[in-house]
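Reviewing the structure listed below.
We did not get these values from a lab; they are worked out from the coordinates using the rules stated. Keep in mind the model is a prediction, meaning the values are calculated, not measured. Counting neighbours? That spans all protein chains shown, and the Cβs are built from the backbone with ideal geometry, glycine included.
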Amino acid sequence: MSDTTQNGPMRAADGTPLKKSLARALRRQKLRALALIAPLLIFVLVTFIAPIADMLFRSVQNDIVADTLPRTVVALKDWDSTSGESPGEEVFSALAVDFQAAAEQKIHTKLGSRLNYENPGISSLFRKTGRGAEDIGDAFMDQFVDANAAWKDSETWAGLMGSDEWLAEQAEWVAAKAEGVKEPKFRLRDGIADALPRTSSTYATFARDTQSGTKSLVKTKPWPVFFVALAQDLATASPEVIASVSGDGAALLQEAAATAAGFEPFDYKAAFTDIDKGWDNVGNWITVQSYSARYTPGYFLNAVDLEKSPDGIQARPEQQQIYIKLFVRTMWMSMLITGCCLLLGYPVAWILANLRASTANVLMILVLLPFWTSLLVRTSAWKVLLQQQGVINDILVWLGLVDDGNRLVMINNQFGTIVAMTHILLPFMILPLYSVMKTVPPAYLRAAKSLGATPWTAFWRVYFPQSVPGIGAGSILCFILAIGYYITPELVGGTQGVFISNRIAFHISSSLNWGLAAALGTILLGAVLLLYYVYDKIVGIDNVKLG
Amino acid sequence: MKDTSTGGNAAFVEFEHVQKSYDGETLVVKDLNLSIAKGEFLTMLGPSGSGKTTCLMMLAGFETATHGEIKLDGRPINNIPPHKRGIGMVFQNYALFPHMTVAENLAFPLEVRNIGKSDREEKVKRALDMVQMGAFGGRRPAQLSGGQQQRIALARALVFEPELVLMDEPLGALDKQLREHMQFEITRLAHNLGITTVYVTHDQTEALTMSDNVAVFDDGRIQQLAPPDVLYEEPANSFVAQFIGENNTLLGTVKEIKGDVAVVQLDDGELIDCKPVNVSKPGERTRVSIRPERVEFNKARLQQGAHTLKAEVLEFIYMGDIFRTRLRVAGNEEFVVKTRNAPDQVRLQPGQEIEIGWLPQDCRALDA
Ligand SMILES: Nc1ncnc2c1ncn2[C@@H]1O[C@H](COP(=O)(O)OP(=O)(O)O)[C@@H](O)[C@H]1O
Ligand SMILES: [Mg+2]
């Protein structure tokens, strides 16, 4: 090691080891440098790293099922999807409460759309059920209310379920009528959870949902499912337990127990299948169960044309397989476009680099001119040129090269995309090539010729290798821009010439399947990183020069 | 030095009335006539912009002559492309190919000539040994010092055994010591291998120490073509006298020309005897040139009957091996005398009044 001599480590003037004092001096420098770039660093983090991280997260995130149907998800854990039968009463009773809560907040349709990505058609089941589920238990409610009209009132329920302290606080809050102060947070009465387990947990859900808004518990109509839960609780609980319930509602409860004794047992499953037969369908339940986890590989599977099924992961049906095809197309078309840019751009860059400065500047403006024109205008110009009644076809017909009846189809297909994209990306190839070629002195070519090389050998053996860093930079730039492009393919690509980014854009703005869009984006990002790695292995990333 | 006479040998390289214009308005090279014998080391010397590189480029084939003919070994080469001329070339910044190793650089001219691999390796090794760089074959040019790069460039220009080598200010980027060493190496190699060399420089010492013949360029013309000693001692005109070495000038008018003596009246009225070089008749303005080391002020050493002038010492500079004394002579305050630092040498004091003199043949009456 260079820091050790025969007498041990080298020391600075004050006796500290040289390595340490050097590290200290460097650290101060580094900190100062870091402070200088801090604003930029934060900006980059916020505008660049954060969105990418968010995208990566969204591609696996799947909270919506567990958030919308919390009870159902828990109850469904024990359901065996291979049994061939839809789940039992327990799951359906959980579903009834979840649906009641979800319909109240109108979030069941969102869940329906989410699950529709995985199981087309399921969204109508959710929509229809949302309307019907609010009426589940109506018959029981009517019977209870017939027996005692007090059951209709929300105060009755609050008095029965709420703890005495909460009721006191609540009364105070009502008396004060203070603006902007929320109703005291609901607390269950002691012992009620043991006495009436179903009712109290349903009510607790009701209380939580209601209070999360600005509504008051005593002003919100009770859910019909309360009455089903109450009837079931009363049917199973012993009279002593019911008698142990304290508070104002105790007497009412005793009376209700007598009323409920005559009720038919309630069948949740039948109630749901009455609303829509879909609830008896095992496939629908498999979808709900498969996507009940908070993180899911589903979007990624979908993005590579696979799906989850009871038999494990398998390919999607033929007509639904689109993404792999699109990825492959995006890749090869981007490579072709990059190749076209290189073929066209190399000679241009060479001419620019070898002309007199004044002439080169004028030509450079021509190269940059496209940047001054809107992308839309440039792309639309190609429409005008390439379409069947367009300029090029007209000329070909006029020249007699093409029959008027058989005009060439040059737009709304892959050809159109390749032509328009090559045109748009050309400057991104020319600029790095030009700046690299500018640094290659003409003396090299002369030297090669003086050594006996023909002009072609001189170019190929001497000039070309030195322009490789520019080719690398230009190709990476063009390729990465190409695989992410979507406006141009959208406008001139038709159905055969669109890229994966058009699908991503579709899922972000039209189908609103952001998770799938994120998964597709993540795969695209991974592909780019992989290509970058391969490039680094083959050519070496040091061999990329932008100027 | 080799035999410097060029007269007997048939010319190997010939420029005949060559002219060159880049823009169609000004001639960069005006009527160049030059012949170089086989094995000769010719240097083109001249200030920057005088057209030296242009001449070299025309010879190499990278520029075409606007008018006139260039012949190589008796054949006109105007229409032969550069890669077929077989001329070795060393560029100012060496132009070593940065993406190839030293050995690959040297093998390049052999490869393009389709020379077999074993032959190639043999020749590359010999060329590297020739410039004492045998151990550096595997390095990249960027890993070499300036002097080493210079040697490689030289080896590369010689490895395919050309008969003619062109060098355009090859030592311009080196420091003084290295430059002197390389000057020696280049002349040694050129003479050992017997190749014809055209060397371009703007450094007169380089030109004088290396060449068989020096062509002094100015304004697109050869001002004088002569061996170094002739060039220094017998400059043909005042440009050459000024450009080569240090020179004192005195302005005057020719009074009389008698055989090989011209009587010149200096501007302060003094009459002196000179050797007429390019003055022809009385009344002509002339610039009289005397080398500083040919001026004598020690009375005892002055030749009998030598003409003397009054001079005042302005400055005395001690330079180690020599003393440099600046004088005012006939109104010229830049008149310099150089004397050897010998034990009996007088050290003049500023303000001293002295008498100076010189031999008439050392004092040349040139164009004004
Ligand atoms: N490629 C060129 N185009 C136009 N003018 C040039 C070119 N090369 C050289 N010149 C001009 O020709 C003159 C001679 O240049 P050059 O031969 O390079 O001189 P030297 O090598 O003696 O310094 C200069 O005035 C220079 O400006
Ligand atoms: Mg030059």
Task: Rough spin-label spacing in nm, given labels placed 7 Å along Cα→Cβ, for residue B:261 and residue A:468 - done: 7.7
- [ ] With springs only between Cα atoms under 10 Å apart, run a GNM on chain B and tell me which of B:88, B:172, B:24 wobbles the most.
- [x] B:24
Open item on the list: Can you give me the long-range amide H partners of residue B:223? Hydrogens built in the peptide plane at 1.01 Å from N, cutoff under 5 Å, separation of 5 or more residues or another chain.
Closed with: B:216, B:217, B:218
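Taking the Cα centre of the range B:246-367 as origin and charging only Cβ (+1 Lys, Arg; -1 Asp, Glu), how large is the dipole, in debye to the nearest 20?
Details: 18 positive and 20 negative charges, 47 e Å.
Computed about the Cα centre, the dipole is about 220 debye.
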TODO: May I ask you to list the lysines whose Cα is less than 24 Å away from that of residue B:176, ignoring any residue fewer than eight positions away on the same chain?
DONE: B:52, B:338
- [ ] Can you find, among A:353, A:457, B:103, the residue farthest towards the positive end of the dipole of the protein assembly as shown? Put +1 on the C-beta of Lys and Arg, -1 on that of Asp and Glu.
- [x] B:103
Task: Estimated vicinal HN-Hα couplings, Hz - the range B:53-63 in sequence order (Karplus 6.51, -1.76, 1.60; Gly, Pro = x) - done: 4, 4, 4, 5, 5, 5, 5, 6, x, 8, 10
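Placing unit charges on C-beta atoms (Lys and Arg positive, Asp and Glu negative, everything else neutral), compute the dipole magnitude of the protein assembly as shown about its Cα centre in debye, rounded to 20.
Details: 87 positive and 99 negative charges, 516 e Å.
About 2480 debye.
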- [ ] Using only Cα atoms, locate the centre of the range A:55-100 and the centre of the range A:211-252, then give the distance between them in Å, rounded to an integer.
- [x] 25
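Residues with beta-carbon under 15 Å from that of residue A:495, excluding residue A:495: net charge, scoring Lys, Arg +1 and Asp, Glu -1?
On the way: positive: A:325, A:329, A:503; negative: A:490.
Around residue A:495, the surrounding residues sum to +2.
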Task: Percent RCO, i.e. relative contact order, over chain A, from Cα pairs under 8 Å lying at least 6 residues apart - done: 15
Open item on the list: Ignoring solvent entirely, what values of log10 I(q)/I(0) come out of the Debye formula for the range A:4-58 at 0.21, 0.23, 0.29 Å⁻¹ when each Cα is a single scatterer?
Closed with: -0.80, -0.87, -1.01
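To the nearest 0.05, how large is the calculated FRET efficiency for residue A:138 and residue A:54 if R₀ is 51 Å and r is the Cβ-Cβ distance? All intermediate terms of the calculation are to be shown ahead of the outcome.
Values: r = 44 Å, r/R0 = 0.86.
E(calc), rounded to 0.05, equals 0.70.
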TODO: With θ set to phi - 60°, apply the Karplus curve 6.51 cos²θ - 1.76 cosθ + 1.60 along the range A:259-275 and write out the HN-Hα couplings as whole Hz, x wherever there is a Gly or Pro.
DONE: 4, 5, 4, x, 6, 5, x, 8, 10, 4, 4, 4, 4, 5, 5, 4, 5
TODO: Give, as a single signed number, the net charge of other residues whose beta carbon lies under 11 Å from the beta carbon of residue B:195, with Lys and Arg counted +1 and Asp and Glu -1.
DONE: -2
Open item on the list: Distance cut-off 24 Å, Cα to Cα: go down the list A:449/B:71; A:449/B:117; A:128/A:185; A:77/A:269; A:449/B:125 and report the pairs above it.
Closed with: A:128/A:185
Task: Two-site FRET efficiency, residue B:349 against residue B:308, from Cβ-Cβ distance with R₀ of 22 Å, rounded to 0.05 - done: 0.65
- [ ] Using the charge dipole of the range A:4-58 (Lys, Arg: +1 at Cβ; Asp, Glu: -1 at Cβ; taken about the Cα centre), state which of A:12, A:53, A:33 has its Cα farthest towards the positive end.
- [x] A:12
- [ ] Can you put A:404, A:267 in order of Cβ neighbours within 10 angstrom, beginning with the fewest?
- [x] A:404, A:267
Task: Listed residue (B:153, A:123, A:87) projecting farthest to the positive dipole end of the protein assembly as shown, Cβ model - done: B:153
Open item on the list: Once you place label points 7 Å from the Cα toward the Cβ at residue B:301 and residue A:254, how far apart are they in nm?
Closed with: 14.8
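Calculate, in nm to one decimal, what residue B:340 and residue B:181 gain on full extension: separation in residues at 0.36 nm each, minus their alpha carbon distance. Present the calculation step by step, with values, prior to reporting the outcome.
On the way: separation 159, 0.36 × 159 = 57.24 nm, distance 2.55 nm.
That works out to 54.7 nm of additional length.
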Task: Gaussian network model of chain B, springs between alpha carbon atoms under 10 Å - residue of B:199, B:94, B:22 with greatest fluctuation - done: B:22
Open item on the list: For the pair residue A:406/residue B:99, report the inter-label distance in nm, with labels modelled 7 Å from Cα in the Cβ direction.
Closed with: 4.5
TODO: Compute from the Cα atoms of chain A the Rg and the Dmax, the latter being the longest Cα-Cα distance, and quote both in angstrom.
DONE: 35.8, 115
- [ ] Send over the Kirkwood Rh of the protein assembly as shown, from the inverse of the averaged 1/r over different Cα pairs, rounded to one decimal Å.
- [x] 38.8
- [ ] Name the residue, out of B:247, B:237, B:298, whose mean-square fluctuation peaks in a Gaussian network model built on chain B with Cα pairs under 10 Å.
- [x] B:298
Open item on the list: If I take R0 = 35 Å and measure r between the Cβ atoms of residue A:538 and residue B:71 in this structure, what FRET efficiency does the formula 1/(1 + (r/R0)^6) give, to the nearest 0.05?
Closed with: 0.10
Open item on the list: Let me spell out the model: positive unit charges on the Cβ of Lys and Arg, negative unit charges on the Cβ of Asp and Glu, origin at the Cα centre of chain A. What dipole size does that give, in debye rounded to 20?
Closed with: 4820
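Please report B:43, B:26 as a ranked list, fewest other C-beta atoms within 10 angstrom at the top and most at the bottom.
Numbers: B:43 26, B:26 9.
The most exposed by this proxy come first: B:26, B:43.
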Task: Cα gyration tensor of the range B:1-102 - equivalent ellipsoid semi-axes, whole Å, descending - done: 22, 20, 15
Open item on the list: Taking amide H atoms as placed 1.01 Å from N in the peptide plane, list the residues 5 or more away in sequence, or in a different chain, whose amide H sits under 5 Å from that of residue B:41.
Closed with: B:197, B:212, B:213
Task: Hz values of 3J(HN,Hα) by residue in the range A:486-498 - Karplus curve (6.51, -1.76, 1.60), Gly and Pro given as x - done: 9, 5, 5, x, 4, 7, 10, x, x, 8, 7, x, 8
Open item on the list: Taking amide H atoms as placed 1.01 Å from N in the peptide plane, list the residues 5 or more away in sequence, or in a different chain, whose amide H sits under 5 Å from that of residue B:139.
Closed with: B:102, B:103
- [ ] Return the whole-Å distance between the Cα centroid of the range A:118-182 and the Cα centroid of the range A:478-529.
- [x] 46
TODO: Sum up the charges of everything whose Cβ sits under 15 Å from the Cβ of residue A:112, counting Lys and Arg as +1 and Asp and Glu as -1, but leave residue A:112 out.
DONE: +2
